[in-house]
Structures are given as structure tokens and as C-alpha cells.
1. Search region 131-152 for residues being under 19 Å from residue 16 (Cα atoms) and touching a strand residue (DSSP E or B) at 6+ places or on another chain (Cβ under 6 Å), and hand back the single one that is surrounded by the most Cβ atoms within 10 Å (Cβ to Cβ).
2. Is there a residue being assigned to a strand (DSSP E or B) and either surrounded by 24 or more Cβ atoms within 10 Å (Cβ to Cβ) or modelled with pLDDT under 95 (or both) anywhere in region 45-55?
3. If residue 128 satisfies all but one of (1) farther than 20 Å from residue 20 by Cα; (2) part of a loop (DSSP other than H, G, I, E, B); (3) in contact with a helix residue (DSSP H, G or I) (Cβ under 6 Å, 6 or more places away or on another chain), what's the number of the condition it fails?
4. Tell me yes or no: at least one residue of region 37-44 is in a loop (DSSP other than H, G, I, E, B) and over 11 Å from the mean Cα position of the chain (by Cα).
5. Mind listing just one residue for me: the one in region 115-130 that is under 26 Å from residue 24 (Cβ atoms) and in contact with a strand residue (DSSP E or B) (Cβ under 6 Å, 6 or more places away or on another chain) and, of those, surrounded by the fewest Cβ atoms within 10 Å (Cβ to Cβ)?
6. Scanning region 131-156 for residues that are part of a loop (DSSP other than H, G, I, E, B) and more than 15 Å from the chain's Cα centre (by Cα), which turns out nearest to residue 38 (Cα to Cα)?
7. Within region 112-121, is even one residue part of a loop (DSSP other than H, G, I, E, B), closer than 26 Å to residue 21 by Cα and under 15 Å from the mean Cα position of the chain (by Cα)?
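The values are calculated or read from the model by the stated rules, or taken from the named source; none is laboratory data. Bear in mind the structure is a predicted one, so any value in this text is a computation, not a measurement. We place every Cβ from the backbone using ideal geometry, glycine too, and count neighbours over all the protein chains shown.
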């Protein structure tokens, strides 16, 4: 299964549009918030199923975190602001361990991260519109095949 992961798109359609050719090839798209309305736009442009949460800049009446299974992997999706990810991963790690997550996807920092710690994979795709801490815009694609996880960072 091929999963596209974005966060912190902030309604900048020119930047989002650059991701569409990649995302059309995915089986699922995950959006980690800011802005939730962008997930609807992405779905309309790709016709691919999407899982999305709201971020700290969203006012939609939708979930701010989700836990779901894909290919026998437990995925925890949140924006990250409620777990203070700008100041470290301690709080989100505690949550991940408490729910036996295999993969944690979050945003908020606008800085890409791909880290495996204690058999949990933490992914922040960065931002396709307003990156911080790096000089490139980015999102991620995960390939889940036969219990093998391959993560690719796409730089725009």
C-alpha cells in the first residue's frame, strides 16, 4: 500500500498542486492538519481516500487525532500541537506507547522528521508551503509491503 502524507499546507493551492501528481498514485492520503479544508481539496483533485485531522489553525468540527489500522500497522495521527512537539517528542512518544502505535504521523513544526525509536516510526512530512528549519518544501510517501515499511521524502 502506498500512502501520501502531508501537513501544514495552509491553503496555499499553488504548493498543494505540486503534490497532486504524486498523490494520485497513492492508495491512501493522510493529512496531519493545518488546514483541514485542504484535505477536501486534495481528495477532489486526486479521488484518493483521505484521513485527516484538524490542526491548531483549523476551526472545523472534526477530530484532532485518529487511531487506525493499515496493513496490520497501528497508525496514530495528530497535528502535534497538543503534544508539544515543538519542544521534543516526549509527550507524543508516551501517547504512542500507551496505544501500541507502530507509526506516528504529525505536523505542526513544519520541519520534516523520519525517526524510528523503540520500534515506533515517527513521521513529520514537513510542509509543502511554509517549511521551517530546512530550505525545501516537503511531504512523504510510505510504502507498506509484506510487513516492510519504506519511507520516502519528496522535496518540492
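1. Keep residues of region 131-152 that are under 19 Å from residue 16 (Cα atoms), which gives 131-132, 134-142, 152.
Imposing the further condition that a residue be touching a strand residue (DSSP E or B) at 6+ places or on another chain (Cβ under 6 Å) reduces the set to 136, 138-142, 152.
Working: 136: 12, 138: 21, 139: 29, 140: 22, 141: 20, 142: 26, 152: 12.
Among those residues, the one meeting the criterion is 139.
2. The first filter runs over region 45-55 and keeps only residues assigned to a strand (DSSP E or B), leaving 50-52.
Narrowing further to those that are either surrounded by 24 or more Cβ atoms within 10 Å (Cβ to Cβ) or modelled with pLDDT under 95 (or both): 52.
The answer is yes, given that some residue of region 45-55 is assigned to a strand (DSSP E or B) and either surrounded by 24 or more Cβ atoms within 10 Å (Cβ to Cβ) or modelled with pLDDT under 95 (or both).
3. Exception for residue 128: condition (1).
4. No; the residues of region 37-44 include none that is in a loop (DSSP other than H, G, I, E, B) and over 11 Å from the mean Cα position of the chain (by Cα).
5. Looking only at region 115-130, we keep the residues that are under 26 Å from residue 24 (Cβ atoms), and these are 121, 123-130.
Next, only the ones that are in contact with a strand residue (DSSP E or B) (Cβ under 6 Å, 6 or more places away or on another chain) stay: 121, 123-126, 128.
Values: 121: 19, 123: 27, 124: 26, 125: 31, 126: 30, 128: 26.
By that ranking, first place goes to 121.
6. In the first step, residues of region 131-156 are kept if they are part of a loop (DSSP other than H, G, I, E, B); the result is 131-137, 146-147, 156.
Next cut, more than 15 Å from the chain's Cα centre (by Cα) only: 132-136, 146-147, 156.
Numbers: 132: 20, 133: 23, 134: 23, 135: 23, 136: 20, 146: 31, 147: 30, 156: 18 Å.
Looking at residues that are part of a loop (DSSP other than H, G, I, E, B) and more than 15 Å from the chain's Cα centre (by Cα), I get 156.
7. As a first pass, look at region 112-121 and keep what is part of a loop (DSSP other than H, G, I, E, B): 112, 118-119.
Now narrow it down to the ones that are closer than 26 Å to residue 21 by Cα: 112.
Remaining after also requiring under 15 Å from the mean Cα position of the chain (by Cα): 112.
Yes, region 112-121 has at least one match.
Conditions (1) without any contact (Cβ under 8 Å) to a residue 60 or more places away in the chain; (2) more than 14 Å from the chain's Cα centre (by Cα); (3) closer than 26 Å to residue 148 by Cα, marked per residue:
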{"site": "55", "(1), (2), (3)": "yes, no, no"}
{"site": "63", "(1), (2), (3)": "yes, yes, no"}
{"site": "68", "(1), (2), (3)": "yes, no, yes"}
{"site": "71", "(1), (2), (3)": "no, yes, yes"}
{"site": "75", "(1), (2), (3)": "yes, no, yes"}
{"site": "78", "(1), (2), (3)": "yes, no, yes"}
{"site": "81", "(1), (2), (3)": "yes, no, no"}
{"site": "86", "(1), (2), (3)": "yes, yes, no"}
{"site": "89", "(1), (2), (3)": "yes, yes, yes"}
